[in-house]
Amino acid sequence: MSKTIISAKDIVKQYSNDAKNVSAINGVSLDIKMGESLAIVGPSGAGKSTLLHILGGLDRPTSGKVFLEGADLYALNDSKRASIRNVKVGFIFQSYHLLPEFTALENVMMPALIHGRKARETASSLLGSVGLSDRLRHKPGELSGGESQRVAIARALVNEPQILLCDEPSGNLDSKNSEAIYKILLDLKSKSGISIVVVTHDEAISRGLDRTMRLRDGRIV
């Protein structure tokens, strides 16, 4: 049986709003196995993105625990948590979050440089693997939406993470580019054994993954 890469226990996330506590996540527990693909689906406001950010160490829960390969993420200080996150977790967002002043190659290299690694060859190879060998020196403003998202995928993989967390990765793309992005993700899973968690509204996409978890009002339904 595959080992557990992420384990979340009784996650609660509350925000203060006009002196009231609003619950975004209400007691969610889940385990994600190494090499599996999981879709998190549900209506807008269900807490999908909040949960994804908590699983990846980006947003501290109000209560509950998240273990990444046995390490209690939120028991670590910010520096240690950021270091583990940078190496073991790759993030892909709906809005790409590419740095506009840098080329595609430099954007992909950035997480490795932050970790003290030289990664020009790795970054170039990754861009080639997503079909962008001829766009290495183009800046984000010179790329289409589909190309920008492929750069973001390559960047998420440059540190060879064990899990990829994707927040509506095709939300800004047309159906053709959306299909291409998910083909890339599933090919990655098949070839590398990486775990993939995708927040999506698209039921067709969720059917292509190993498992689907539905959220409503911050709870698994």
Discussion item. With θ taken as phi - 60° and the coefficients 6.51, -1.76 and 1.60, list the Karplus ³J(HN,Hα) couplings across region 114-131 in order, rounded to whole Hz; mark glycine and proline as x.
Written reply: 4, 8, x, 10, 8, 9, 4, 5, 4, 4, 4, 5, 5, 5, x, 5, 9, x
Practice prompt. Find which of SER23, GLY116, LEU38 sits farthest along the positive direction of the dipole of region 4-220, computed with +1 on the beta-carbon of Lys and Arg, -1 on that of Asp and Glu, about the Cα centre.
Written response: GLY116
Discussion item. Please report the antiparallel percentage of the DSSP beta bridges confined to the chain, to the nearest 5.
Written reply: 55
Response to the item:
For region 211-221, in residue order, the Karplus 3J(HN,Hα) values (coefficients 6.51, -1.76, 1.60; θ = phi - 60°; whole Hz; Gly and Pro = x) are 8, 10, 10, 9, 10, 8, 6, x, 10, 6, 10
Worksheet entry | Average Cα contact separation per residue, the chain, under 8 Å, 6 or more apart, as relative contact order % | 31
Worksheet item: Summing +1 for each Lys or Arg and -1 for each Asp or Glu, what net charge is found among the other residues whose Cβ lies under 14 Å from the Cβ of PHE102?
Response: +2
Discussion item. Along its three principal axes, how long is the chain when you only count alpha carbons? Whole Å, largest extent first please.
Written reply: 50, 45, 38
Worksheet item: When Lys and Arg each count +1 and Asp and Glu each count -1, what net charge do the other residues less than 13 Å away from ASP78, Cβ to Cβ, add up to?
Response: +3
Worksheet, complete the sentence: Env charge @ VAL89, Cβ radius under 14 Å, K,R +1 / D,E -1, value +1
Discussion item. Under 12 Å between alpha carbons, and skipping anything fewer than 8 positions from LYS118 in its own chain: which aspartates and glutamates qualify?
Written reply: GLU106
Worksheet item: Just from its helices, what would the mean residue ellipticity at 222 nm be for the chain, if runs of 4 or more DSSP H residues each count -39500 (n - 2.57) and the sum is divided by every residue, rounded to the nearest 500 deg cm²/dmol?
Response: -10500 deg cm²/dmol
Fill in: Convex hull volume per residue for region 145-198, taking Cα atoms only, in Å³
66
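Values in this text are rule-based calculations from the coordinates and carry no lab data. Only a predicted model underlies this, so the values are computations on that prediction, with no experimental measurement involved. All Cβ positions, glycine included, derive from the backbone under ideal geometry; neighbour counts span all protein chains shown.
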